Amino acid sequence: MLHNTPWPKSLTPKRFDQTATVSGRLIHCGGLGLLALLVGVGFVASLALGSVAIPPLEVVTVLLGGQASNPVWGDIIWQFRLPRALTAAAAGAALAISGVQLQALFRNPLAGPSVLGINAGASLGAALVVLTGSAAGYGFSGWWSQLSLAGAASLGAALAMGLVMLVAQRVRSSLALLIFGLMLGYTTTALVTILLHFSTIEQTVAYISWTFGSFAGVTWQQMPVLLPVIGLGLAFSLLFWRSLNLLLLGDEQAQSLGLSMGLVRLYLIFSASLLAGTVTAFCGPIAFLGVAVPHLGRSLFRTLDHRLLLPASALLGALLALVADAVAQLPGSQTILPLNAVTALIGAPILIWLMLKQFRLF
Amino acid sequence: MDQRKVQASGSAGGRFWPPADFRFRRRLGKVKPAQLGLGLALAGLVVTGCQGSPPTAPLDPSAESTAEGCAAPFDPAVDYFPDKVELDYATGFTVDYHNHYKVVTITDPWPGASQSFEYLLVQCGAPVPTGYDQAQVVTIPVERVVALSTTHLPHFDQLDRVDALVGVGQFDPISSPRVRAKIDRGELAEFSSGASLDGERLLVAAPDLVMTFSMGNDNDPYLRLIQAGVPVAFVAEYREASPLARAEWLKFTALLVNQEALAEAQFAAIAQEYNALVALAQTAAARPTVFTGSSYEGTWHMAQGESYAAQLLRDAAADYLWADVPGTGSIPLDIEAVYGRAAQADFWVNLSQDWQTQADAIAADPRYGQFQALQQNRAYNNNARVNPSGGNDFWESGPVNPHRVLADLIAIFHSELLPDHELIYYQPLLP
């Protein structure tokens, strides 16, 4: 449950001026550079690690365009690992940015992509396909049902987003909007429950494994949709750092400083929904990253300045997603773990530790 | 194969999942409004079309219940069951014959079961023996049975006792022609709605016996049915990993309808043919490599090495690439791991039920096109007998006809051994 939790004192906008000093900026640039490096390392590592053991030298050969001594290895790297790693990095960054935007919009540290009902909308779309589609085995052949899973989830997310934006135009209070998003989530969840009730066990299992989340289901065929949408979303989000900073001062103060609240709010809802909805459509509802990564960013960089927080969160999100995905693959074994379980199991302890440290509790 | 193919699977395709062995059983519980509408319309057509025909037999079978062999007058010295079953393969149930009753125990009703279920099958007209307080009492031969899984239906068909069925889970997935004819005549009722059982209507119908399977949950509706006095048989044939053991559960149903002689003869013929086919397959010059299943969102559920599917593949003299994985269910694999081991495999069987062509597979995930088995037209799907509602006969009549399934597989892997065999359950994935 989400409450209108006030920001902790230690997270007040006073910290903005840290970036004002030259040395502070240098430190932060260094931090971002280090993070980018880590993301790069994580990316390469996820290409090198997997269920099939491929010697590192062979991985390098394949990546440089050469031929591996076993042709299957080349396929594995190009067709399986590269799309998965790209998806993980893009999805992690997208979810993190979506979280940053929503936490700023609602001034609520518990906000995340799930609060607007976007995930629930996508889930309803997916449930409609998985639980009712392709009854006869004929008529709807594989490509239709596969495409429509991502398609239907996107549509569900878009519809939920449209509803929230419609309400956002009429309701001024962010809190009311938050409650609306939550209620929308409950409603769609209820519909999914009814669908589940009338489904067979194997359909139910199929739906539930969709909710586990996975970066491995995305193929090159889907990249032309996934990457541009996320790329554009990320690029635009970086342009709006100033508005996000002003939002932290409160609606009224932000308005008095010249911020067009209505516009900014619509933009943020649109951007956050688009990012989270796209990821959910292709990878399933990955809940944890969106809420947690912004906190990681704030803790590690000790800042609330969104000019820094946005890129930092994007990088952290990508890194965490890559690491979680690598762990979920259980390198060396041929079996796998559910991604959603791994993101939370890895992310939650890190976050708790950082928080405790920040509040000097140990 | 061991993992039950998804019936009417949606985008899940013919996905597999871990506690695979009983997936197929829920296919009786599937509701699709569109299908329901279609079914009703069809039923309407059939009813209209049959209006000219004479009225069908009355539904109430009690009128004929005093038929063959009822113990009236009862004589304790008479052995009412001169024909007895002997179990050679099945390990999930036992039977103990007495003069006028049989004590049947289902020893492994569900995965991880800590209890067994005892059934006291008492010949009609004979007194119920004492000393079996825990047993469910069933008067035999049963006349009014509700069979909730499609896998139970072929038993009644083979034992010529389809007349004893009064209800099923759901109509849509059923393939058996004789059961379908009964549906068309309006002689069967449906008792499942989606994944849930209509327990109230089942209580009102008060059948002699409900045949089903259970996950063993404490809130299982079947336990309440038993408490309410409706005997429930937890038919656990799917727990048997050996194809012949699974088929031998025909004898379990035979115990209920007193058709032991017929069941013994039929199963003996099946086992003989199956074993002959196994011997034939062993003469094959080479053992082609094979893998099963398909992936869902990057997770590939592969039959484990001791599963039903794996045993059939082994008996068909194929080299199953995951034969080394212990267990009788399935294991979730990384799609990359499957590609790593099976990219060059000779054959690929038991794909997603939705796929008819290679294009279907490639559209679902282009990476399927990289498998050599697909490129060389050696992908075979077990969906040749899918009915218009999506029910797959492979999971209905397949388990009682393991010799036919095995013949299909041998013909696929070693066409020279069975040159004249026409595939029954399998069909190649069309280029």
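Output yes when any residue across the range A:99-111 is among the charged types (D, E, K, R) and under 24 Å from B:D334 (Cα atoms), and no when none is. For the range A:99-111, residues among the charged types (D, E, K, R) and under 24 Å from B:D334 (Cα atoms): absent. In the range A:53-109, the qualifying residues are those that are polar (S, T, N, Q) and in a helix (DSSP H, G or I), and the one that is nearest to the chain's Cα centre (by Cα) is A:S98.
The single condition among (1) open to solvent by less than 20 Å² (accessible area, probe 1.4 Å); (2) within 10 Å of chain B (Cβ to nearest Cβ); (3) at pLDDT 80 or above that A:Q79 does not satisfy is (1). Of everything listed in (1) away from every other protein chain (no Cβ under 14 Å); (2) under 29 Å from B:A261 (Cα atoms), the single unmet condition for B:F213 is (1). Quick check on this structure: which one of B:V204, B:V210, B:V232 is touching a helix residue (DSSP H, G or I) at 6+ places or on another chain (Cβ under 6 Å) and among the β-branched types (V, I, T)? Answer to the check: B:V232. Which of the residues spanning the range B:92-141 are of a type in the set (G, A, S), within 22 Å of B:G216 (Cβ to Cβ) and open to solvent by 60 Å² or more (accessible area, probe 1.4 Å)? Within the range B:92-141, B:G112, B:S114, B:S116 qualify.
Screening A:V41 on (1) β-branched (V, I, T); (2) in contact (Cβ under 8 Å) with a residue 12 or more places away in the chain; (3) out of contact with any Cys (no Cβ under 7 Å at 6 or more places or on another chain) shows it passes everything except condition (2). Residues of the range B:177-210 that are among the β-branched types (V, I, T) and either touching a His at 6+ places or on another chain (Cβ under 6 Å) or not in a helix (DSSP H, G or I) (or both): B:V210 alone. Determine if the range B:301-312 includes at least one residue that is closer than 29 Å to A:Q79 by Cα, assigned to a helix (DSSP H, G or I) and within 12 Å of chain A (Cβ to nearest Cβ). No, the range B:301-312 contains no residue that is closer than 29 Å to A:Q79 by Cα, assigned to a helix (DSSP H, G or I) and within 12 Å of chain A (Cβ to nearest Cβ).
Does A:A292 satisfy the condition of being more than 14 Å from chain B (Cβ to nearest Cβ) and open to solvent by less than 10 Å² (accessible area, probe 1.4 Å)? Considered against the rule, which asks whether it is more than 14 Å from chain B (Cβ to nearest Cβ) and open to solvent by less than 10 Å² (accessible area, probe 1.4 Å), A:A292 comes out as yes. Applying the criterion of at least 1 residues that are farther than 30 Å from A:L196 by Cβ, of a type in the set (G, A, S) and open to solvent by 50 Å² or more (accessible area, probe 1.4 Å) to the helices (runs of 4 or more DSSP H) found wholly in the range A:209-285 leaves A:223-239, A:251-256. Total residues in the range A:334-361 satisfying the condition of being within 14 Å of chain B (Cβ to nearest Cβ) and modelled with pLDDT of 80 or more: the figure is 8.
Exactly one residue among B:E248, B:E264, B:E200 is of a type in the set (D, E) and buried (at least 23 other Cβ atoms within 10 Å of the Cβ), and that residue is B:E248.
Each residue in the range B:211-231 was checked for being touching a residue at least 12 places away in the same chain (Cβ under 8 Å) and either closer than 12 Å to B:G199 by Cα or in a helix (DSSP H, G or I) (or both), and 7 pass. The requirement of being in contact with a helix residue (DSSP H, G or I) (Cβ under 9 Å, 6 or more places away or on another chain) and more than 27 Å from A:L196 (Cβ to Cβ) is satisfied by B:A181.
The values are calculated or read from the model by the stated rules, or taken from the named source; none is laboratory data. Please read these numbers as outputs of a predicted model, since none were measured by experiment. Neighbour counts are summed over all protein chains in view; Cβ atoms, including those assigned to glycine, are modelled from backbone coordinates with ideal geometry. Heads up: the accessible areas ignore ligands, DNA and RNA and are worked out on the full protein's heavy atoms, side chains in. Shrake-Rupley method; radii C 1.70, N 1.55, O 1.52, S 1.80 Å.
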